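Here the structure comes first, spelled out in structure tokens, and everything after it is commentary.
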Amino acid sequence: MAFLFVLSVGLIAGTISGIVGTGSSIMLMPVLVYAYGPKEAVPIMAVASVMANFSRILAWWREVDWRACAAYSVTGIPAAALGARTLLALPSHAVDLTIGIFLIAMVPVRHWLARHDLKANLWHLAIGGAIIGYLTGIVVSTGPLSVPLFLFYGLSKGAFLATEAASSLGLYFAKSVTFERFGALTGEVFVKGLIAGGSLMSGAFIAKRFVLHLKPEMFRLLMDAIMVAAGLSMLWNAAQSP
């Protein structure tokens, strides 16, 4: 039953993420924690995130802004590896607590960013890549931070989805490699990640037809609800830990 639940939520999460550019990790992570525990769920989600971002790149390949991707990734990839190593030193209780607080806190932060008509250039993407990359290594998803950064750079719709996915791909790959190097990504965990990632990939291709029809206000409400619900779920798991 847990396996079917992961697949079902993964398909839904992949579809929503394919529409709004983020959210798959936020939705799926509490389910993985419930099914496999926080220490195993994090590397599973890292593998699944690699596959989810790769599917968005395939869906929007011609739209990728490779200059923006390179600027973000050159600092973000090593920072993500460092963050993942930091995560492995934390106890399971702290992992749940950190992720839960981060997700809920990002709701007001995202609204603050949305109220300011900020502009970003390649240097801003490089600085943001370092900061967001490190946080990506520690928490399950930093989409609420990376999404506005790429929007401020001037990307939209397919170009935004493709470039954000291409930039995030390197970060999650570095995170996965770090987990494997330090023994957290075993063969069994990798297979679970492939299964979860397969459901996310399917959702990304389903989502493509809906991208042009999503209203901005619906996007905001959807993201707020997902982040608060997932954050509360992670805090609940932390409260139940001994």
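Of note:
- Accessible area per residue, Å², the range 134-184 with all protein chains present, probe 1.4 Å: 31 Å²
- Each peptide among 184-192, 26-34 gets the average number of other Cβ atoms lying within 10 Å of its residues, and from highest to lowest they stand as 26-34, 184-192.
- Summing charges over neighbours of Lys175, with a neighbour being any other residue whose Cβ is under 15 Å away from its Cβ, gives +1 when K and R count +1 and D and E count -1.
- Cβ-derived FRET efficiency at R0 25 Å, Leu82 paired with Trp236, nearest 0.05: 0.30
- Inter-probe distance in nm under a simple model that places probes 7 Å from Cα toward Cβ, at Ala229 and Tyr34: 1.1 nm
- Label-point separation, Trp61 to Leu122 (7 Å along Cα→Cβ), nm: 2.5 nm
The values are calculated or read from the model by the stated rules, or taken from the named source; none is laboratory data. Computed from a predicted structure; not experimentally measured. Using ideal geometry, Cβ is built from the backbone for each residue, glycine included, and neighbour counts are taken over all protein chains shown. Each accessible area value is taken on the protein alone, full model and side chains, heavy atoms only, with ligands, DNA and RNA left out. Shrake-Rupley method; radii C 1.70, N 1.55, O 1.52, S 1.80 Å.
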